[in-house]
Number of protein chains: 2
Amino acid sequence: MSKKIAILGSTGSIGKQTLSVIDQLGPQYSVEVLTAGSNYRLLSEQVRKYSPSLAVLSDHRAAEELKYLLRGEGCAVSSGREGQVEAALFPGIDLVVMAQVGFSGFEPFVAALKQGRTVALANKEALVIGGEILKRQGLLDLNRILPLDSEHSAVWQCRGSAATGEIEKIILTASGGPFFGFNSEQLNRVTAAEALKHPNWQMGPKITIDSATMMNKGLEVIEARWLFDLSLEHIEVVVHPQSIIHSMVEFVDGSILAQLSEPDMRLPIQYALTYPVRQKNSLKRFIPFGRELHFHEPDRCNFPCLDLAIAAARQGGTLPACLNAANEVAVSAFIDGRISFKAIAETVEKTMQSHSVTAQPDLEDILHADYTSRIKAEEIAADMTGVE
Amino acid sequence: MSKKIAILGSTGSIGKQTLSVIDQLGPQYSVEVLTAGSNYRLLSEQVRKYSPSLAVLSDHRAAEELKYLLRGEGCAVSSGREGQVEAALFPGIDLVVMAQVGFSGFEPFVAALKQGRTVALANKEALVIGGEILKRQGLLDLNRILPLDSEHSAVWQCRGSAATGEIEKIILTASGGPFFGFNSEQLNRVTAAEALKHPNWQMGPKITIDSATMMNKGLEVIEARWLFDLSLEHIEVVVHPQSIIHSMVEFVDGSILAQLSEPDMRLPIQYALTYPVRQKNSLKRFIPFGRELHFHEPDRCNFPCLDLAIAAARQGGTLPACLNAANEVAVSAFIDGRISFKAIAETVEKTMQSHSVTAQPDLEDILHADYTSRIKAEEIAADMTGVE
């Protein structure tokens, strides 16, 4: 019997890699649902290759184009937010892969969890912004949310069947990005082109910049907190420039388990797809001979985004939504050459300072915080434009 | 309800450390049986402290002394091989710790396994020499033999609940010992005093020399083969001078799990005692910041004992018994200053070459191989004495 997969966000980086993993895994995995935002051309090609029962685009006009391209293909087409939720709830699905970008993934994620579905999660915002709501609603069932991030997958693999009380802490590794070891003066001069060159991973531009500022690791700390039901004191970050150890778990007896591999997102994706078993593949193996693994303390002064994220998580409420929104605005402004690298953290920090936090927020509160924080961050970034 | 422990070999290094772990674990662990070879003074002190129901010494005269020292203590005293078997089968025991030195541990080990007992195994020879017999008798139940060696404990912890078919290979780490990186000429000049200084571990003299020759890692390959039901092609050795990663498991999907800690035997001992849960302790933690982990290919030319052990394992039969016996003789001769460091491997190799292997041996065959190999190795070592 085949394992039936829905992929929400199939035209993005993680979505495409998920499909390539399924290509390798063979016919016991079948793609039943594919969704994307507006890329109807690529989605129509994917539908022709994988013959799902349902295809969804968030953009209504793009969905009309898709319908036209797929006429006679026997694949239903839906659109909009309702379509994404329909995809997450499509009957007979064994695993829903959440690979969308941004907070639009939250609604189908909640819908899937409420129906008791197993979800493989790559969408960071769903937990960073929505984790507190999910926790309050009792929806954070660790057995049903399978992490796709390499770090969280590593923790999941290392944790095994240990109870939360047996975990002393988790140690998330960070490559440190292209500017690890830079001092304040050097960071003053870095360009977007330099920031977009990640030493170890091939990723989209937003996450690559987040990796350079260490905001990415801060967001992962927040995700880890919800995924593994740990308080922030039990989550540590270590810089490991080789990106071979993807994270570690330290148990209460002092024993540490670490997960290693050459950096390749297809490994954590495959693990989530084949879980609870492992399946052979031809990914490049880590050969230890002649290799060195180094570990450093993060530079929290020159890379303040890490602590901004942790501060947002500590206060909670709408503050993580504010952090995330401000960071998205600031990163865009940096990529566009409007603000400097160091102004990313300053923009986020100032936006957070001006944000009036709502405790125990509902979804409306969070959407409002997201909206107002974007406007505020744009103002702050505009003030900084051209300022060194 | 307390967990009742029998410790066979309680006056040796592992036995004493097991007792110190039990001291820390608290009253839910009770020591019911203690055994040793001939050290009646230390055993009588241990009996006074832990109040077991039975104490055993292999040496009959020493057992008489023990009885005298323990008169009125309410502890039964037995002696000889029968006494050690009685200890392994003592009623109501939850875990039998096998910490004896040498092949004398085999008989009580087999007795315990036949009775379906759970055994924590530190005694190398039981598997190195007796593994093939145990396998043939269907006694190698991986759920009942808990490894105490740091390397095998690491594999056990990394393996988790994975099936054997999900394991691509296990990677045993070796410190390389005090002479790692030495060339042939440098090895010509090393002394026993230098070989006895292990860079990372405090151990007895025999195992410290085995570590310097890499015979220890060879014996561990043989143990691992039986413990984890793997063919020799699926067991790899990597030199890791820092002794922080105690071993690794590579799964068929290319994911590797590694177990890390500061080197301290009390950690794997505690894990076996508290299994399947973990319990808090105050052992020194591995702090990754500023640390480096290096990995090298073993130097199989200058440290031929590793491949001698693997060759013995590959041929099987009585050859591992011959290897083990010849190595014990050669190491003694080296410690006594009778032969050179390089002559250890030569003695083992020549003894193996002269050995006529019995396939599918029974216990008698193995004891005979052990006996004749010791005599042969003594002859060979004597011929080498004084020869550079």
Inset, instruction - Looking for whichever is more than 21 Å from B:S243 (Cα to Cα), in contact (Cβ under 8 Å) with a residue 12 or more places away in the chain, buried (at least 19 other Cβ atoms within 10 Å of the Cβ) and acidic (D, E) here; the options are B:E151, B:E132. Which one fits? - result: B:E132
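So which strands (runs of 3 or more DSSP E) stay within segment B:209-322 end to end and still have 2 or more residues that are on the phi < 0 side of the Ramachandran plot, among the aliphatic types (A, V, I, L, M) and at the interface with chain A (Cβ under 7 Å from one of its Cβ atoms)?
On the way: elements: B:235-239, B:245-251, B:256-260, B:292-294.
Per the criteria, B:256-260.
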Legend entry - Test: residue in segment B:109-119 that is more than 17 Å from B:V85 (Cα to Cα) and within 19 Å of the chain's Cα centre (by Cα): no
Inset, instruction - Mind telling me which of the residues A:G72, A:G92, A:G105 ends up being at pLDDT below 95, outside the structural domain of A:E364 (by TED's automatic domain parsing) and open to solvent by 20 Å² or more (accessible area, probe 1.4 Å)? - result: A:G72
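Looking at A:I171, is it in contact with a strand residue (DSSP E or B) (Cβ under 8 Å, 6 or more places away or on another chain) and either farther than 30 Å from B:V252 by Cβ or surrounded by 22 or more Cβ atoms within 10 Å (Cβ to Cβ) (or both)?
When the stated conditions are applied, A:I171 passes them.
Mind listing just one residue for me: the one in segment B:249-271 that is under 18 Å from A:K280 (Cβ atoms) and of a type in the set (A, V, I, L, M) and, of those, surrounded by the fewest Cβ atoms within 10 Å (Cβ to Cβ)? Spell out how you get there, then give the answer.
Let us first name the residues in segment B:249-271 that are under 18 Å from A:K280 (Cβ atoms), namely B:249-257.
After this cut, where a residue has to be of a type in the set (A, V, I, L, M) as well, the list is B:249, B:252, B:256-257.
Numbers: B:V249: 24, B:V252: 16, B:I256: 24, B:L257: 24.
Looking at residues that are under 18 Å from A:K280 (Cβ atoms) and of a type in the set (A, V, I, L, M), I get B:V252.
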Inset, instruction - Evaluate segment B:190-205: report whether one residue or more is assigned to a helix (DSSP H, G or I), more than 14 Å from chain A (Cβ to nearest Cβ) and within 20 Å of B:S150 (Cα to Cα). - result: yes
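If we scan segment B:278-293, do we find a residue that is in contact (Cβ under 8 Å) with a residue 60 or more places away in the chain, open to solvent by 10 Å² or more (accessible area, probe 1.4 Å) and of a type in the set (S, T, Y)?
Filtering segment B:278-293 for residues in contact (Cβ under 8 Å) with a residue 60 or more places away in the chain gives B:279, B:281-282.
Right, trim to open to solvent by 10 Å² or more (accessible area, probe 1.4 Å) and you get B:279, B:281-282.
Within this subset, residues satisfying the condition of being of a type in the set (S, T, Y) are B:282.
Yes, segment B:278-293 has at least one match.
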Legend entry - The one condition in (1) within 30 Å of A:D362 (Cβ to Cβ); (2) without any contact (Cβ under 8 Å) to a residue 60 or more places away in the chain; (3) among the charged types (D, E, K, R) that A:D264 fails to fulfil: (1)
Legend entry - Residue identified as closer than 18 Å to A:R314 by Cα and part of a helix (DSSP H, G or I) among A:A369, A:A359, A:A343: A:A369
Legend entry - Residues that are small (G, A, S) and open to solvent by 40 Å² or more (accessible area, probe 1.4 Å), drawn from segment A:303-359: A:A311, A:S332, A:G337, A:S354, A:S356, A:A359
Inset, instruction - Could you grab me the full set of residues in segment A:79-101 that are touching a helix residue (DSSP H, G or I) at 6+ places or on another chain (Cβ under 9 Å) and either without any contact (Cβ under 8 Å) to a residue 40 or more places away in the chain or of a type in the set (S, T, N, Q) (or both)? - result: A:S79, A:G80, A:R81, A:Q84, A:V85, A:E86, A:L89, A:Q100
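Inside segment A:1-59, counting only strands (runs of 3 or more DSSP E) that do not spill past its ends, which hold 1 or more residues that are aromatic (F, W, Y)? Steps first, answer last, please.
Details: elements: A:3-8, A:29-36, A:54-57.
Ranges flagged: A:29-36.
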Inset, instruction - Please enumerate the residues belonging to segment A:33-43 that are surrounded by fewer than 22 Cβ atoms within 10 Å (Cβ to Cβ) and of a type outside the set (K, R). - result: A:G37, A:S38, A:N39, A:L42
Inset, instruction - Give A:L363, A:L293 a once-over and let me know the one that is under 22 Å from the mean Cα position of the chain (by Cα) and not aromatic (F, W, Y). - result: A:L363
Inset, instruction - Examine segment A:229-242 for a residue that is touching a residue at least 24 places away in the same chain (Cβ under 8 Å), surrounded by fewer than 20 Cβ atoms within 10 Å (Cβ to Cβ) and in contact with a Gly (Cβ under 8 Å, 6 or more places away or on another chain), and state whether such a residue exists. - result: yes
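The values are calculated or read from the model by the stated rules, or taken from the named source; none is laboratory data. Values in this document were obtained by computation on a predicted structure and should not be read as measured data. Here the Cβ is made from the backbone with ideal geometry for all residues, glycine too, and neighbour counts use every protein chain on show. Only protein heavy atoms, including side chains, enter the accessible area calculation; ligands, DNA and RNA are left aside. Shrake-Rupley method; radii C 1.70, N 1.55, O 1.52, S 1.80 Å.
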